[in-house]
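Derivation of every value follows stated rules applied to the coordinates shown; laboratory data play no part. It should be emphasised that the depicted structure is a prediction, and the values quoted were computed from it without experimental measurement. Virtual Cβ from ideal backbone geometry, glycine too; neighbours counted across all protein chains shown.
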Amino acid sequence: MSVYILCLALFSIGLYCVLRKRNIIKIIIGLGIIEYAVNLFFVLIGYRMHARAPILAKDQAITNMVDPIPQALVLTSIVIGLAVTALIVAIAIRIYDKYGTFDITKIRRLRG
Amino acid sequence: MLPFFVIIPLGTAFLISLFGKKIRNFADCLANLGTLILLILSFNSVQLAHAHKVLVYKVGSWLPPIGICMVLDGLTSFMLVTVNLVSLLITVYSISYMEKYTDKYRFYTLFMLMLAGMNGIIITGDLFNLFVFLEISSIASYALVAFGTEAEELEASFKYAVMGSVASSFVLLAIALLYSYTSTLNMADISFVISQKGSGMIVSFVAVLFLAGFGLKAALVPFHAWLPDAHPSAPAPISAMLSGVLIKVLGVYALLRIFFNIIGINNITLSVFMFLGAVSMLVGVFLAIGQWDFKRLLAYHSISQIGYVILGLGLGTPLGILGGLFHLFNHSIFKSLLFLNSGAVDYSLGTRDLQKMGGLRDKMPVTANTNLIASMSIAGIPPFNGFWSKLLIILACIQANHFGYAFCAIIASILTLASFMKVQKYAFLGKLSEKRQDLEEVPLAMRLSMIILAVICVIGGILLIPIFKPFLQNAVNVLLLGTGYKDAVFGAIK
């Protein structure tokens, strides 16, 4: 149970980071933390203590195995997360070129 | 036939990124050809959905629930026609409009990726697959919003990307929880397991997460802050695509599919939908009326009109759902047209500020007239298409004894009319300033797609007459079927 609570704590840290920090790079890191928390949670769902990979081989009776589907899904989700992070970092670099700052309170040309 | 809705846009995106730079006009031709084929296929899918009710394609011929499946039913074919019709007209428009940007082929690559994501969301029958397509189209749209790489565009794109990523995380968390409860990812199978095990607290929690995640993508009012920045900053064809179809597919369609067909709808969810719809409707239109930036005004109206769609669907009665879906189709037509108009004005004048326009009617008759038609459509003046769908929604409200919501809908409609009279007055009527006497009408491709959209606005009402009715009615039936969706899909697999 405690791992799930830690996972939730990680998610909350990420959310806090996105909501409260003023530096663009810190916001991006916060997004990364949220994403890792969700991925971790997904893997934990399919995990069992002292279990093994579900590979079916000859003369082996498998009694206790982990669920492979969440692992496959998390791989996909990590790749997606990489794409989003790369894109946002690229945008952040261009923003720095234009505004000369990473502080979001100073990047406010859009209003209304 | 079903996988082609994803294969064609993905394939064209690949080919355009490969050869677009080397061969001149290759990107234009291939993108238009691709969207044309998609439109023809989606018209074909309407007939198929009408004849067979539900069609299932098993990817790699793995049987569901182990393998991934694609499902075609009435709602799917309705959304496919909406998306592909708008995207064809927008690619035609982009031939001329995107000339002023460098790297036109990159624009088409991203556009096609976004289209692949949207078609994928509509057609998939697997929850995780929906998430993957959601991310494909979202990432493409973040990049497209920043396409001009000016300061405002980058800022808007950053804001959109951060909020969009958080929303996606919520959706993924909801999928993870749902998987832990049902141990399956196939939509029909999830619905089956929930009906067997009963829906406890965890399903309610998942419903809230989905509402937050997809509600943010649909820009319902508490989650709307990104839309008025992101939509005006993109190039005009992309604004039209984002406001016209992206928020509907990513937000409204996904919400409908999950709440009506998988989790199962109940009175609490419906009243949440209605409340969010009414709030979005009023807040959107109040914020819109004070805007002086043409595209920003239109973006706020998108929030307001999505409110109408959600209100109609949230009533849960056959008439309300019909009105909501019909308004979804109509909104995608006239809102794309309005954004294309704003793009045309921007193309000729180089400004989006309403106070700097005036007297464009004489020099740009096509833009002015199509804009007049679209404005009257969105304000709900008979006999244009917007009138019929708003009428249906208001009638459905009264029929269901929600007089307060009907009153809200009428107020929002009047304020919409007021704000579009402002657009007409400042942009197209009045006197042309001296230095703009050499203004010209926009090129043929842009005029063509604006005229076609305007014609659809005028004759849109015929979708309600009996010959064309099945197109909408089949979609309504899928939603009315509710959790009976699983039996229909399992029936089609066997």
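Observations, loosely collected:
- Between B:F403 and B:N267, the FRET efficiency estimated from the beta carbon spacing at R0 = 25 angstrom works out to 0.85.
- Take the Cα of B:I66, step 7 Å toward its Cβ, do the same at B:D362, and the gap between the two points is 7.5 nm.
- Average partner coverage of B:227-237, which counts Cβ from other chains inside 10 Å: 1
- Using a cutoff of 8 angstrom between alpha carbon atoms and counting only pairs six or more residues apart, the relative contact order for chain A works out to 25 percent.
- Using alpha-carbon coordinates, inclination of helix A:24-45 to the longest axis of chain A, degrees: 10 degrees
- Per-residue Karplus couplings for the range B:274-288, computed as 6.51 cos²θ - 1.76 cosθ + 1.60 with θ equal to phi - 60°, are listed in order as 5, 5, 4, x, 5, 5, 4, 4, 6, 4, x, 6, 5, 5, 5 Hz, Gly and Pro entered as x.
- Under 5 Å from the amide H of A:M65 lie the amide H atoms of A:R52, each residue being 5 or more positions distant or on a separate chain, with H modelled from the backbone and absent for Pro and chain starts.
- The Cα center of the range A:73-92 and the Cα center of the range B:437-454 differ in position by 39 Å.
- The overall shape of the range B:389-463 is oblate: from the C-alpha gyration tensor, with semi-axes ordered a ≥ b ≥ c, the ratio a/c is 1.5 or greater and a/b is no larger than b/c.
- When only Cα pairs below 8 angstrom with a gap of at least 6 residues are kept, chain B shows a relative contact order of 18 percent.
- Relative to the longest principal axis of the Cα atoms of chain B, the long axis of helix B:444-459 lies at roughly 60 degrees.
- Cα long-axis angle, helix B:385-399 against chain B (0 to 90 degrees, to the nearest 10): 50 degrees
- Separation of the A:M1 and B:R24 label points, Cα + 7 Å toward Cβ, nm: 7.3 nm
- In chain B, the DSSP-assigned H stretches of four residues or longer account for a calculated mean residue ellipticity at 222 nm of -24000 deg cm²/dmol, using -39500 (n - 2.57) per stretch and the full residue count as denominator.
- When you restrict to C-alpha pairs under 8 Å that are six or more residues apart and normalise by the size of the range B:1-137, the relative contact order lands at 34 percent.
- Theoretical FRET efficiency, 1/(1+(r/R0)^6), r = Cβ-Cβ of B:A51 and B:E441, R0 41 Å, to 0.05: 0.40
- When peptides B:278-288, B:381-391 are ranked by their average number of other Cβ atoms within 10 Å per residue, the highest-first order is B:278-288, B:381-391.
- The C-alpha atoms of the protein assembly as shown occupy a region whose extents along the principal axes are 89, 59, 49 Å, arranged from largest to smallest.
- Among the residues of B:135-142, the average count of other protein chain beta-carbon atoms within 10 Å of the residue beta-carbon is 3.
- Largest to smallest principal axis extent of the C-alpha atoms in the range B:4-493, angstrom: 73, 58, 44
- Estimated vicinal HN-Hα couplings, Hz - the range A:88-94 in sequence order (Karplus 6.51, -1.76, 1.60; Gly, Pro = x): 5, 5, 4, 5, 4, 5, 5
- Distance between modelled label sites at A:I25 and B:D353, nm, 7 Å Cα→Cβ extension: 3.6 nm
- Neighbourhood charge, 15 Å Cβ-Cβ cut-off, centred on B:S377 and excluding it, Lys, Arg +1 and Asp, Glu -1: +2
- 3J(HN,Hα) couplings calculated from phi for the range B:293-310 with the Karplus curve 6.51 cos²θ - 1.76 cosθ + 1.60 (θ = phi - 60°) are, in sequence order, 7, 4, 6, 5, 4, 5, 5, 5, 5, 4, 4, 5, 6, 4, x, 4, 4, 5 Hz; Gly and Pro show x.
- Ranking of B:W62, B:W226, B:W292 by neighbouring Cβ atoms within 10 Å, starting from the fewest: B:W62, B:W292, B:W226.
- Förster radius 35 Å - calculated FRET efficiency between B:L395 and B:I40, Cβ distance, rounded to 0.05: 0.50
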